[in-house]
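Some notes on the structure that comes next.
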Amino acid sequence: MFGITQLRKDPGIRDLTTHNRLSHLGSGKQISPRRSAFGAFLLLIVAIGFLVLPAGAYTTPDSLVAAGKVYVSSYTIDPAVLFSGDTATATFSVTNGNSNSGNTTTQGIVVNHATFGDNNIRLVSGTYDTSSNVGPLQIRTYVFSVATDESDGTYYPTFSLDLRDADSLFYRTPVKVDNTPLMMSVISKPDTFTQGKKESVTVQIANPRQNDVKNVILEVTGNGTTITPSTQYLGALSANSATNVTFSVTPDTESVPTMTVKYDNGDNHHSITQSLPITFGTDKKQAAPEISNIVVKLNDGVYHVTGDVTNAGLTTANGVTVNALSPAVPQDPYKTYVIGALKPDDFGSFEVTFAASGETSIPLQASYKDSDGNLLSSGQMVSLSQATETDSKNQQGGTSFVIPGIIILIVLGAGGWYVYTKKIRKQ
């Protein structure tokens, strides 16, 4: 670093005699070539010094006062809190607080260099190396990209501004690193699933971090299962907040679908996953039609079964029907008996007719639909060995005696009425 070289008006050494008196032209000793070369070398050094003067060469009392009014007016970093391995964008606004006073115009501040970062929060973008002027009451913005691989904690990288006419400006700012991810939990689902039956599942997605995240997406995938909807966009999720998401599951087989929450911390992609085991079993709240009070009669090879169906479940059984299954062969007039809707603890009567030659028992089925339209059924075996036989011929014979008797009574009544009216006329 060269210092400031000042030039004086005093005579130069080559114009002095050995007794330090002014020499007149042509008097005194002749200047040696060696001294002439030395003087030329000194002049060259002075010239070079002026060409490479440092920034401090511009420093004046006024420039120092003006630089004291330059400050960082705002600072932002996105994301506000980083994961290890994240990249963030840091933005600094530098304000020149000098103003024009009266007729005196305060000159702007010249910035030669600007940078940000340290060993923990490393700079991954370029620095500002081109001189720029920040005028009175003007604001200049500096944007940097930084990254970190550090563990959880708070770090203090430095923003520095190299001023041409004064000392540099240094501004330390905190940068937080926190590797806490989002949380996902199932808050509502059936105890067990039923094959082919659509069920609702509700999950809660929570953000325990100190900063907001954006572009939150829930995806549910799995084989042998229909998910509706399989993807849901939730948008931004604020710090220390949660949201609930509901989707439907219709399983064809037992499986383990995967729930994935994707989200962005700034421009950095992150995700969490959780499994949703699906096992088949009996739904404790579903409708449960139960067949009771069964009476079996046999008439000319056709069985006539009557009874009641009671809904012993906790939900309504819609479109309840009763019919006999193979090896029974349904017969008219009651191949299938329709009862209709049965609310919990409600019942309805039925009767079915069928043929079952040589069978000692047959399955009787009660079918119904749930609220989603899924067809469900339950069955019960009915013994035919205790069937009460009825003779249709005897029934027809009894009926043949009754009808003539009625005719005779009608004839007798008509005859008696005729005799009675005849006697009245004679009187």
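Only the coordinates and a few stated rules stand behind these numbers; no lab work does. As the structure is a computational prediction, the values presented were derived from the model and not from experiment. No Cβ is skipped: glycine too gets one built from the backbone with ideal geometry, and neighbour counts run over all protein chains shown.
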Q: Could you go through segment 211-217 in sequence order and give the Karplus-derived ³J(HN,Hα) for each residue, using 6.51 cos²θ - 1.76 cosθ + 1.60 with θ = phi - 60°, rounded to whole Hz, and x for Gly and Pro?
A: 9, 6, 10, 9, 6, 6, 9
Q | Computed P(r) (all Cα pairs; segment 185-275; 10 Å bins; percent) | A | 16, 48, 25, 10, 1
(Q) Give me the one-decimal nm value for the distance between modelled label points at residue 122 and residue 420, 7 Å along each residue's Cα-to-Cβ direction. (A) 12.5
Q. Which three semi-axes in whole Å describe the equivalent ellipsoid of segment 246-384, each the square root of 5 times a Cα gyration tensor eigenvalue, listed largest first?
A. 46, 16, 11
Q) If you bin the C-alpha pair distances of segment 229-279 every 5 Å from 0, what whole percents do you get? A) 4, 13, 23, 25, 15, 10, 6, 3
Q.
At 0.36 nm per residue, and after removing the present C-alpha to C-alpha distance, how many nm does the segment from residue 223 to residue 267 gain when stretched out fully?
A. 12.7 nm
Q: Pull out the extension gain between residue 233 and residue 212, defined as 0.36 nm times the separation in residues minus the alpha carbon to alpha carbon distance; nm, one decimal.
A: 6.0 nm
Q: Using label points projected 7 Å from each Cα along Cα→Cβ, tell me how many nm separate residue 359 and residue 242, to one decimal.
A: 5.5
Q. Once the principal axes of the Cα atoms of segment 79-211 are found, what is the range along each, listed largest first in whole angstroms?
A. 86, 35, 21
Q. If you look for lysine pairs in segment 225-355 that are eight or more places apart or on different chains, how many of them have Cα atoms under 27 Å apart?
A. 4
Q | Distance between modelled label sites at residue 199 and residue 390, nm, 7 Å Cα→Cβ extension | A | 4.6
Q) residue 93 to residue 378: extension gain in nm, 0.36 nm per residue of separation minus the Cα-Cα distance? A) 95.2 nm
**Q.** Karplus-derived 3J(HN,Hα), 6.51/-1.76/1.60, for each residue of segment 255-267, Hz, glycine and proline x
**A.** 7, 9, x, 10, 9, 10, 10, 9, 7, 10, 9, x, 9
Q | Sequence-distant aspartates and glutamates (8 or more away, or on other chains) whose Cα lies within less than 13 Å of residue 198 | A | 252, 283, 370, 372
